[in-house]
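Heads up, the thing below is written out as structure tokens.
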Amino acid sequence: MNINNPTTFSTPDLTLSTSNSSGTAGALRADDTLLVYDSTVPEAVTSGGSSATGDTATAARRNHQHSLSTITFQTAASVAEMEAASSNTVPVTPGRFLYSPSSAKCYGSVASDGTLQANDLGIDDVTRNSAGDYTVEWDTAFVNANYALSLTGEADHTDIRSAVPATDSVRVLTFNGSGSSTDCGFFVIAYGEI
């Protein structure tokens, strides 16, 4: 291609816009470099931010903004909310689930010698007082002694009972089929307010 008229070449200085228009300066060469983006980090999108059109030459890469709905982070249920067990909208964390009325506060398996087996919850210690007489101590005391207690003996012929429970422990008594005190492993579960 021949250019008959003298042409002035200069550094490209194009305006990026939403429409095309003719300029009045010199011509572009095939190997010119055009500024399209730069290395500036884009603005962060913030919670509740509104959309905005960029206003710089490199807007497509930099200072335009997308909208983002407001993000609300909900506070986890309090102990009181867990105990009330009435909300269907408050999230529950594992550490607070224990305070739900439907959650066992304590459970465990006790061997006939009074040894607490693995995988217990809420049991601090077990003491074998004498043959067939054990004291199970809770990690956290119940609000009162009116908690629900479930005891099951390991052997079918075992009679298992509890003395009047205390807020921080329960005494467990095991008997054989003849009614005599005898050592026997047992399972314990307790429900109530702690």
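The values are calculated or read from the model by the stated rules, or taken from the named source; none is laboratory data. Note that the structure is predicted; figures quoted are calculated from it, not measured. Every residue, glycine among them, receives a Cβ derived from its backbone with ideal geometry; neighbour counts consider all protein chains shown.
If you go through segment 94-116 and keep only what is out of contact with any strand residue (DSSP E or B) (no Cβ under 7 Å at 6 or more places or on another chain) and more than 15 Å from Thr174 (Cβ to Cβ), you end up with Pro94, Gly95, Arg96, Phe97, Leu98, Tyr99, Ser100, Pro101, Ser102, Ser103.
Residues that are modelled with pLDDT of 95 or more, within 30 Å of Ala84 (Cβ to Cβ) and charged (D, E, K, R) do occur in segment 161-170. Taking Arg171, is it within 30 Å of Thr72 (Cβ to Cβ) and of a type in the set (D, E, K, R)? No, not satisfied. For segment 65-99, name all the residues that are of a type outside the set (A, V, I, L, M, F, W, C), part of a loop (DSSP other than H, G, I, E, B) and within 22 Å of Tyr191 (Cβ to Cβ). Selection gives Ser78, Ser86, Ser87, Asn88, Thr93, Tyr99.
Here Thr75 passes the criteria (1) surrounded by fewer than 18 Cβ atoms within 10 Å (Cβ to Cβ); (2) on the phi > 0 side of the Ramachandran plot except the one numbered (2). Residues that are part of a strand (DSSP E or B) and more than 18 Å from Thr182 (Cα to Cα) were ranked within segment 101-120; the one that is farthest from the chain's Cα centre (by Cα) is Gly108.
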